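The values are calculated or read from the model by the stated rules, or taken from the named source; none is laboratory data. In this text, all values refer to a predicted model and were calculated from it rather than measured experimentally. Here the Cβ is made from the backbone with ideal geometry for all residues, glycine too, and neighbour counts use every protein chain on show.
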Amino acid sequence: MIALLGMLATWSPVLLLLYAPWLVRELTGLLARHGNDRLDRAIPDELPMTAGEWLVDRIAQLRYPVAALVTDRREDAYRPRDGVIQLHAQTFFKADPVYWAAAAHELGHARLHAEFPLAMVVRRTADWLRAGLVAAGVGLTIGRVLYALPAAGALAFGCFALAAISAVFTLIDEAAASVIAYRELRASAALTAAHRRAIVHMLVVWFATYALSYGSYALLLRYWPLIDALAGGHAVAASPLTGLARAAAMVATVGCAGAMVLQLTWMLSPRAHRKAFAGTWGPILGWASSVVVVWLAWDHRVDAGYAWCAILAFATSARTWLAVIDLLLAIPRRLTRYVLSSCQSHGPERSERYLDASKQGQALVRGGNAWLTRLDEQAHNEPPWLARLSALTALGYLPLVVALWLG
């Protein structure tokens, strides 16, 4: 335990750098919500329609093949695959320019999808590539630390640099949606100059959350030499395997093989049988597979072939490692959230009009929640081919298992 704590203390700067984009996004999001709540309380809920009513009316005028729903379980978002704009109940039932801007922004994404489908394809492709590049970068970084491979460090730097470049497409898409939103709203006769200023403020602040979070990739790249300096040029000394460790490796190997079989079967199986293969046992065996990766962190070998097989496994289980980092940084994130909530004792304005609209719209909320549940089940049972092809990443454990026992 002391050795583990010492390792975490040594590598805490690296963990912070790896987590910087997600941490900055969380903190800037909290600050943006704090500012928008203050702005909401400064402007009365006096617009002729709620944000949800405005959105439904505007969709009907545009005659786009998109629907609007309200939920109390999800954030505001546009779901291009389902052709749905989901608004949180607080957004849907507020007659305030801040929330009109939120609804108009999601409508802006829908308009881009309808009028410029290629732009949406580019955005989704860039998001998919960025996820793969980040996973590869995390795996290569862990390999650089454990096995002192300079090539792994150079490749990791390249992966994070390309991930930062791919974020440009997301920023362009978010900026375009905000511009469309402002153009949608400024033509409304119900909005005063003060309302329009509030709308601009909201759109700019929320765009800044994306810009700052993706800009934090620059922080990671700027201080990348720190990783090389801490890793040095020598791998950590090898540790022998005990009998218990060999038994754990055998169990983890079985789980690893099971996870590969289940994921590949899920990818190729017909709809009627897919749910059985992607149910309870898949995640359990997936976590069992991660035991192999966790164990590798304590079995540092010097064989280059084995090291690259381990790096591939690290990249395959990047979500697990990022979840570990997220757990380590949960305390400072919760502390920041507590400080902000203390500074903002009242939160968004809960006007009488908003409370009445919320009470009358409970049936709409229940319907929206049920709709999202059906969409989630459909996505689970009929995932897109891109998601099914991602199941091939489970094969990243195969060379690791082979190298483990041949070594």
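Here the stretch 360-403 is the region considered, the condition is being β-branched (Val, Ile, Thr) and closer than 30 Å to residue 139 by Cα, and the residue that is surrounded by the fewest Cβ atoms within 10 Å (Cβ to Cβ) is 402. Here residue 347 meets each of (1) assigned to a helix (DSSP H, G or I); (2) surrounded by 13 or more Cβ atoms within 10 Å (Cβ to Cβ); (3) small (Gly, Ala, Ser); (4) at pLDDT below 70 with one exception, condition (1).
Of these, 110, 131, which one is among the small types (Gly, Ala, Ser), surrounded by fewer than 23 Cβ atoms within 10 Å (Cβ to Cβ) and under 23 Å from the mean Cα position of the chain (by Cα)?
131
Number of residues in the stretch 167-181 that are crowded, with 18+ Cβ neighbours inside 10 Å and under 21 Å from residue 59 (Cα atoms) equals 6. Taken together, the residues in the stretch 357-382 that are under 20 Å from the mean Cα position of the chain (by Cα) and either assigned by TED's automatic domain parsing to the domain that holds residue 71 or in contact (Cβ under 8 Å) with a residue 40 or more places away in the chain (or both) amount to 4.
Among the candidates 342, 358, the residue that is at pLDDT 75 or above, under 30 Å from residue 94 (Cα atoms) and among the polar types (S, T, N, Q) is uniquely 358.
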